[in-house]
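Data block below; observations after.
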Amino acid sequence: IQLSNNEQDYLSQLGELKLGYLKQWPPMEFSDEQGQFAGINSDIAHILAEQLRIKIEPVGFDDWQSLISALRSGDIALAGSVAQTAERQQFLTFSDPYWPSPWGMVSQLEQVSVFNLAQLAGQRVAVVEGYHLVAQLMALQPSLKLVLVPDTQSGLAAVNDSHADVFIDKVVTLASELKTGQYPLLKMSLLSDLADQHSHFGLNPQYAQLIPLINRVLA
């Protein structure tokens, strides 16, 4: 992309930008065997750095809660795959959406297939703690018995070990995990009444001037 002199000056003064990512969230983002930032968001971050001529330093996090907290406090500058919600807009600023991320649901093969939330009334539903989906689920179906888990692997294990009836996460993440063959007794379906989720870059507000530049690269 073409950058004006003023834009180049601004970018050159930023120094190294810390980008937070989850260590175990393939294929969107993860630490590879060498401990390096990898996945879809890594590829996109590389394009951002190349096009804007900035330095990005990946910082790995074990869970979503601590990543969002670091983003809010300014310990990191930005993170990928952040849902743009009314609550988060009070303390973060967001890029345009860049990746469709519909929600999927995993259950045991022997269970009757479920395709909407009404069918889940009263059931134990595992969700990753820190997802904005938690509040959305309780608003749509208050009878759900939420089982909060730290990550995708824990959610799948909860269903596999009968500690939860279903686990809800991003389709691309669930498909990646189920494809490994580690969970032969689990199946995935789509939830028709949960609107498609879209990935955004979330930024600490002190970097708001970066947003239109990031959007140009994404476009």
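The values are calculated or read from the model by the stated rules, or taken from the named source; none is laboratory data. What you see is a predicted model; the values in this text were computed from it and never measured. Ideal geometry is used to build each Cβ from the backbone, glycine not excepted, and the neighbour counts take in all protein chains shown. These area figures cover heavy atoms from the full protein model, side chains too; ligands, DNA and RNA do not enter into them. Shrake-Rupley method; radii C 1.70, N 1.55, O 1.52, S 1.80 Å.
How big is the gap, in Å, between the Cα center of the stretch 166-219 and the Cα center of the stretch 36-73? What the calculation gives is 15 Å, centre to centre.
Counting only alpha carbon atoms, the long axis of helix 64-73 and the longest principal axis of the chain meet at about 30°. Among GLN13, GLN136, GLN89, the residue with the largest mean-square fluctuation in a Gaussian network model of the chain, with springs joining Cα atoms closer than 10 Å, is GLN13. Overall form of the chain: prolate. Here a/c, set by the Cα gyration tensor axes a ≥ b ≥ c, is 1.5 or more, and a/b is the larger of a/b and b/c. Among the listed pairs LYS18/LYS145; LYS145/LYS170; LYS18/LYS187; LYS23/LYS145, give every one whose C-alpha distance is greater than 31 Å. Beyond 31 Å between Cα atoms: LYS18/LYS145; LYS18/LYS187. Once all protein chains are placed together, MET188 keeps about 80 Å² accessible to a 1.4 angstrom probe. Highest mean packing first, where packing is the average number of other Cβ atoms within 10 Å per residue, the peptides 124-131, 106-113 line up as 124-131, 106-113. Applying both filters, DSSP loop and at most 14 other Cβ atoms within 10 Å, to the trypsin sites (Lys or Arg not before Pro) of the stretch 168-219 gives LYS179.
Accessible area per residue for the chain is 48 Å², calculated with a 1.4 Å probe on protein heavy atoms, without ligands, DNA or RNA. How would you classify the stretch 11-91 from its alpha-carbon gyration tensor, with a ≥ b ≥ c the square roots of the eigenvalues: rounded for a/c under 1.5, else prolate if a/b is greater than b/c, otherwise oblate? Cα axes put the stretch 11-91 in the oblate bin.
Heavy-atom accessible area with a 1.4 Å probe sorts GLU33, GLU177, GLU57, largest first, into GLU33, GLU57, GLU177.
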